[in-house]
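The values are calculated or read from the model by the stated rules, or taken from the named source; none is laboratory data. The shown structure was predicted, so the numbers you read here are calculated from the model rather than taken from an experiment. We place every Cβ from the backbone using ideal geometry, glycine too, and count neighbours over all the protein chains shown. Accessible surface is based on the protein model in full, side chains and every heavy atom, while ligands, DNA and RNA are left aside. Shrake-Rupley method; radii C 1.70, N 1.55, O 1.52, S 1.80 Å.
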Amino acid sequence: MLILSIADMDQVECVVVGGGVVGLTAARALSQHAEVFVLEQGVTAGQGVSARNSGVIHAGIYYPKDWLKTQLCLAGRRLLYQYLQAKQLPHKKLGKLIVANQSQQPALRRLAQQAQHNGVEGLQLLDSTQLRNREPQLHADSALFSPESGIVDVPALLLALQAELAQAGCQLLYNQQLSSLSPEPGGGFCLTVNAGCDDAYQVFAQRVVLATGLDPLPDGLQQLKPLVPRFWAKGHYFRYQAAAPFGHLIYPMPEPQGLGVHSTLDMAGQLRFGPDVQYVPVVAKPDYAFEADAHARFVAAIKRYYPALAADKLVPDFVGIRPKLSGPDAPAEDFAVLTQRQHGLAGLVCLAGIESPGLTASFALAQLIAETLYADQF
């Protein structure tokens, strides 16, 4: 094995493994305290989970108030909007309508109460008349309106983060596959990294953040594996090749392990529907192929709130896969931010199950990571 160092250094202070939105925002926050290196297995940043989602900025409606998902979503949303405005990055605060039929009224009221308890701003319960005035083509009896929900151009956000990190002196290293991570007797960690060749190199780091999305835990961390049960949920997205009938984000009532097949818009006003939730085996390489029956399932789901859907205008767009901590028959789980308290290793933060609203929460999650690893500087 060839023993090398990063940037001609025998030892580095901080390494972030994973170059998605969460990894890049973590590196941004950590760069205020140390020199940071980002190891990404892809040819560029954000080509995994970050590249295959709705690009929605969530308000913080769905989960219990004391969950990290809720707390980080609320704080992260505000920080994300501030960043997008400061950098003049494409985004729109469209507002979201969560629609319900007559039999779902009690559940909608409970959802509204939960959102208000969480501290989500500006919520309104709309009756059928108010709803028709906002979205005449929607078929529903009532809705919960969230004005703080929006969309962001994810590729533009990724480019801005990469540029900012480069300016701050962070090194983003691509085609770097972490194969093992082992604690050193005197503190810190030894990372063994494959760089697309027969040889591997080792990096010695005092602090490490694992923000690896769908990737399995590296060898050498046996104590972490019982803490991060892994499941994958596949989600299809369809593009609507017709004029968009809606101006808001349209969501049905949430379903087990997902938010239902919803309607979103991109920055060009193109309508997209998805995702659904289809649990798939955890394998070495994600399969992003469309399932044969996905179109029929989508048509049936969408027509519940948009009966005028032209099924022939619904065409495949892309498939995403979300990392989950609970299986199809189990209750949803909170984000897992595993620190020394859980695994006993000082200087290591391991993230698991960072699915929706991970994009929205990313800037607040990054602050939490920095405060954990550099507590003495806060």
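Points worth noting:
- Calculated FRET value between GLN32 and SER182, using beta carbons and R₀ = 41 Å, to 0.05: 0.90
- Integer Hz, Karplus 6.51/-1.76/1.60 couplings in order for the range 13-21, x for Gly and Pro: 7, 9, 10, 10, 9, x, x, x, 4
- Computed over the chain, the P(r) tail beyond 30 angstrom holds 40 percent of alpha carbon pairs.
- Cβ-derived FRET efficiency at R0 35 Å, GLN88 paired with ALA244, nearest 0.05: 0.90
- Counting only protein heavy atoms and using a 1.4 Å probe, the accessible area of LYS87 comes to about 90 Å².
- The phi-based Karplus calculation (6.51 cos²θ - 1.76 cosθ + 1.60; θ = phi - 60°) puts the 3J(HN,Hα) values of the range 42-51 at x, 7, 7, 7, x, 9, x, 4, 4, 8 Hz, whole numbers, x for Gly and Pro.
- Between VAL38 and VAL16, GLN171, LEU172, LEU173, the built amide H atoms are under 5 Å apart, and every one of these is 5 or more places off in sequence or on another chain.
- Extended-chain gain in nm, criterion 0.36 nm per residue less alpha-carbon gap, TYR288 and GLN113: 59.3 nm
- Taking 0.36 nm per residue of separation and subtracting the Cα-Cα distance, full extension of the segment from LEU173 to GLN124 would add 13.0 nm.
- Amide H within-cut-off set for GLY46, under 5 Å, with H built and near neighbours excluded: GLY19, GLY20
- Put a dot 7 Å past the Cα of GLN270, heading toward its Cβ, do the same for TYR374, and the two dots end up 3.9 nm apart.
- Mean residue ellipticity (222 nm) of the chain, computed from DSSP H runs ≥ 4 via -39,500 (n - 2.57), nearest 500: -7500 deg cm²/dmol
- The packing ranking, built from the mean of other Cβ atoms within 10 Å per residue, places the peptides 278-285, 353-360, 20-27 in the order 20-27, 353-360, 278-285, highest first.
- Calculated from the alpha-carbon coordinates, the range 142-218 shows an Rg and a Dmax of 18.4, 61 Å respectively.
- Amide H to amide H, with H built 1.01 Å from N, SER142 comes under 5 Å of ALA100, counting only residues 5 or more places away or on other chains.
- Given charges at Cβ of Lys, Arg, Asp, Glu: the chain dipole, positive-most of LEU131, ALA75, SER50: LEU131
- Cross-link pairs exceeding 23 Å in C-alpha to C-alpha distance, out of LYS92/LYS303; LYS69/LYS234; LYS65/LYS234; LYS92/LYS324; LYS69/LYS324, comprise LYS92/LYS303; LYS65/LYS234; LYS92/LYS324.
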